[in-house]
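The values are calculated or read from the model by the stated rules, or taken from the named source; none is laboratory data. What you see is a predicted model, and the numbers here were worked out from it, not measured in a lab. We place every Cβ from the backbone using ideal geometry, glycine too, and count neighbours over all the protein chains shown. For the accessible areas, the whole protein counts, side chains as well, though only heavy atoms, and no ligand, DNA or RNA atoms are used. Shrake-Rupley method; radii C 1.70, N 1.55, O 1.52, S 1.80 Å.
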Amino acid sequence: MPADQLNALNQEIVMRLQESGEAVTSSTILNGAYAIRAALVSHRSRFEDIRALVASVTAIGDQLIAEARE
């Protein structure tokens, strides 16, 4: 996937995560690429939270890619 499309995909994932309330992430630009950033330093963060975030990001990304192919 070209970098500009990947950046747009990650931006949309962050927006959908925030709108759904499943997770609150932020973003940053890392070496020119849009990156999803999660703060995991809270003493309340659990491995289950991280697994759920990864599952949500993957599911939203898969959905967006499928929609783009239609």
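For this structure, a couple of remarks:
- Test: residue 20 is out of contact with any Lys or Arg (no Cβ under 6 Å at 6 or more places or on another chain), within 18 Å of residue 65 (Cβ to Cβ) and of a type outside the set (A, V, I, L, M, F, W, C): yes
- Among the residues of region 12-70, the ones that are open to solvent by 90 Å² or more (accessible area, probe 1.4 Å) and closer than 17 Å to residue 2 by Cα come to 5 in all.
- Residues satisfying the stated conditions in region 12-70, i.e. of a type in the set (Val, Ile, Thr) and assigned to a helix (DSSP H, G or I): 13, 14, 50, 54, 57, 58, 60, 65
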